[in-house]
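The values are calculated or read from the model by the stated rules, or taken from the named source; none is laboratory data. Everything quoted here is computed from the prediction, not taken from an experiment. Neighbour counts are summed over all protein chains in view; Cβ atoms, including those assigned to glycine, are modelled from backbone coordinates with ideal geometry.
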Amino acid sequence: MRFLTLDVFTPTPFGGNQLAVFPDARAIPEGQLLPITQEFNFSEVTFCYPPEDAANTRRVRIFTPGGEMPFAGHPTIGTAAALALCEGALPGGKGHFRFEMGVGIVHVDVRVESEARCWAELSVAKLPEVGPQSPTLNTLSEILSLEPSDLMGGAMSPQAVSCGYPFLLVPVKSLKALAAARVRVDRWEQTLQRFWAPEIFVAARDPEQGPHHWRARMFAPGIRVAEDPATGSAVAAFGGWLAQKEPKDGSYAWSVDQGIEMGRPSRLDVSADKSGGVVTAVRVAGRAVLVSEGKLRLD
């Protein structure tokens with residue numbers, strides 16, 4: 001079975017978030033999808049199929065080592081890049097894909113920049129949904145091996161939000177606190193494992209990069225991802241949440257660096273539209289670069 005690997009949310013190889021893509025997964029037995037994902041040991045692997053509706057580009061299934069996901073950002077961007085670069089799905093080098101995913105139809109604009117690199121921007125199929133009240137600052141600081149005073153409060157208090165997959169958004173006050181975060185799995189199991197949003201997205205403003213720049217980390221022990229170098233679905237939820245807090249209607253944009261502490265720097269650009277006091281669109285964009293191509297043997 002032919003596969004491609006890409007680094008996503010980076011313009012150069014060996015940064016960003018790794019992804020394996022099977023452009024045609026029709027011959028792979030259902031029971032082999034998760035073991036194949038675990039064999040790669042990346043955050044995610046995608047499996048592509050013909051669309052159920054001919055108006056769409058592909059049906060795309062996303063797996064982590066812990067199971068199937070209805071939606072994720074870096075697999076969406078990376079799959080679009082793989083199809084554009086290697087599968088002839090974008091003859092003109094610029095265009096639009098429609099992916100059938102568990103969350104619905106995800107639209108992706110794509111632009112080929114070189115024979116091995118693409119830019120792509122996804123639009124979420126589900127607008128931000130706010131979940132139940134998060135655990136207390138004391139509890140979250142214990143889980144993250146931080147002090148309660150390291151976490152932001154007030155209007156920026158932690159909040160569970162989903163744009164197709166839920167995350168617990170935890171803003172902290174400094175890059176120092178962000179770098180010091182370490183998940184205590186025992187406390188996570190006691191308090192967050194069965195919460196509406198068990199995956200933790202920790203973010204801090206990066207003032208040296210400007211007022212609209214953040215740095216982030218994402219921890220997901222529940223899906224067997226200790227730390228993720230780039231998480232588009234979490235950044236989508238974060239951007240939608242930030243837009244909800246803006247006092248006026250309009251279009252807003254932020255950039256987020258992730259993976260710095262892991263040695264796999266990533267850059268994610270998120271934008272959102274707000275009209276009538278409601279967020280009406282969220283988009284996440286970035287680059288992906290082709291790294292390898294190979295064949296997986298199946299009995």
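Listed values, structure above:
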{"read-out": "Condition check for L290: in a strand (DSSP E or B) and over 26 Å from L175 (Cβ atoms)", "value": "yes"}
{"read-out": "Check on P13, without any contact (Cβ under 8 Å) to a residue 40 or more places away in the chain, surrounded by fewer than 17 Cβ atoms within 10 Å (Cβ to Cβ) and either of a type in the set (G, A, S) or assigned by TED's automatic domain parsing to the domain that holds M101 (or both)", "value": "no"}
{"read-out": "Residue ID - surrounded by the most Cβ atoms within 10 Å (Cβ to Cβ), chosen from residues in the stretch 194-233 that are touching a helix residue (DSSP H, G or I) at 6+ places or on another chain (Cβ under 7 Å) and of a type in the set (S, T, N, Q)", "value": "T231"}
{"read-out": "Residue satisfying condition, being in the same structural domain as W188 (by TED's automatic domain parsing) and over 20 Å from T76 (Cβ atoms), within set G259, G277", "value": "G277"}
{"read-out": "Single residue of G210, G240, G232 found to be in the same structural domain as D273 (by TED's automatic domain parsing), modelled with pLDDT under 95, under 30 Å from F14 (Cα atoms) and of a type outside the set (K, R)", "value": "G210"}
{"read-out": "Sole exception among (1) without any contact (Cβ under 8 Å) to a residue 60 or more places away in the chain; (2) in contact with a helix residue (DSSP H, G or I) (Cβ under 7 Å, 6 or more places away or on another chain); (3) more than 21 Å from V106 (Cβ to Cβ); (4) not β-branched (V, I, T) for P65, by number", "value": "(1)"}
{"read-out": "Test result for L137, more than 26 Å from H74 (Cα to Cα), free of Cβ contacts under 8 Å to residues at least 60 places away in the same chain, in contact with a Gly (Cβ under 8 Å, 6 or more places away or on another chain) and not basic (K, R)", "value": "yes"}
{"read-out": "Residue under evaluation E147, criteria (1) charged (D, E, K, R); (2) under 24 Å from R59 (Cα atoms); (3) surrounded by fewer than 19 Cβ atoms within 10 Å (Cβ to Cβ), criterion not met", "value": "(2)"}
{"read-out": "Among (1) at pLDDT 95 or above; (2) over 27 Å from T64 (Cα atoms), the one test that P132 misses", "value": "(2)"}
{"read-out": "Which numbered condition F201 misses (of (1) free of Cβ contacts under 8 Å to residues at least 24 places away in the same chain; (2) closer than 17 Å to W214 by Cβ)", "value": "(1)"}
{"read-out": "Strands (runs of 3 or more DSSP E) enclosed by the stretch 1-108 - at least 2 residues per element that are over 21 Å from V235 (Cα atoms) and among the hydrophobic types (A, V, I, L, M, F, W, C)", "value": "2-8, 17-22, 44-49"}
